[in-house]
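One structure is given below, encoded as structure tokens.
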Amino acid sequence: RMGWVLCFYLYWENRQARETNKPHNYTAKLLVQIAIYKEPVEVVYETVEVLANTSSAKRMTICLAMEERDPNSRNKANQVIQKYQGCFDSIVATFHPANIPGEQAGKNSNITWAFNTMIQSIQSDREKGINTRQWDLFFVLDIDTQHSSEYYRRCEYLWANLPKEDQGKVIFTCPIHFNRNYKEVALPVRIVDTCWSVAILSTIYPGSLAKIPISTYGGSVDLVKRVGGWDADVFGIGDDFHIMLKTYFESGGSVKMISVYTPASQLHVDCTRVNMTGFIGDSYACLLYTSDAADDLLCVDLGGRRIIKKKKDSIIFSGE
């Protein structure tokens, strides 16, 4: 079955690449949200640099979704905005407050705050008489996510060629490839993440009725607005699974789940320690990260390099 999945993947990737390269007037306005917590500014630079070199950059609004729990968040956001000002349609930062009653800390609540803040900015402009165009498509990235320019062009192409009544019902999913730090992590981590990548592929093959987005995904801004966005409470689970399920049920099953066969480059979960201690730490961290209970235990993926450290005799995600 995995072999057939891979064959489908290669076939559709080549077919879609040929279609996307046909002459097309790309006009979609894109909102790209990057979940950031306590990652070094150099890691943020790396991700934003990749975005700045895509062919869609001038139609992108980059939203740096920061956490106020990070004391260095504003300084970090200012550095990134100053460095990449002019590379995009605009680049801004939002700051998710800590300890909002009823919220569960993590990527889900951060993305919720960022999205709502950006939509409110559009509404505020219109109230002032400024005719600001709303974004057509949104994308959510972890801080270690890197997409090729082909991914955004493909999403725009597929969206633009849908009937008008379906353009506001889209969720995009894509494969994930853990490839940039494979030499730095323990073998069990590489095995689990490879199986995880194949598992994702097994749900997004052509004809699949339940295409599950993982870590990075996109879709119609109107669709997310219509269903009330993400839920930031304890029932929100992972932001990726959650938004897929919520849009599906809230729309009565009419949501259009579209696979884009351009893989996202991601980093393996890793540990800051070396030798046998690091090997054990990597392995335990990988189990923690991939466990079904991760979101419920506040061990959510906060959108970073997923560095694990030793603190108070327990292994936890850095910053938690």
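The values are calculated or read from the model by the stated rules, or taken from the named source; none is laboratory data. As the structure is a prediction and not an experimental result, all values here were calculated from the model. Reconstructed Cβ throughout: ideal geometry from the backbone, glycine too, with neighbour counts over all protein chains shown. Surface areas here come from the heavy atoms of the whole protein model, side chains and all, with no ligands, DNA or RNA. Shrake-Rupley method; radii C 1.70, N 1.55, O 1.52, S 1.80 Å.
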Residue (of LEU137, ALA98, TRP113) at the positive-pole extreme of segment 51-147, dipole from beta-carbon charges
LEU137
With +1 on the Cβ of every Lys and Arg and -1 on the Cβ of every Asp and Glu, and nothing else charged, how large is the dipole of segment 49-146 about its Cα centre, in debye rounded to the nearest 20?
280
How many percent of the accessible area of segment 137-202 is carbon or sulfur, using a 1.4 Å probe?
59
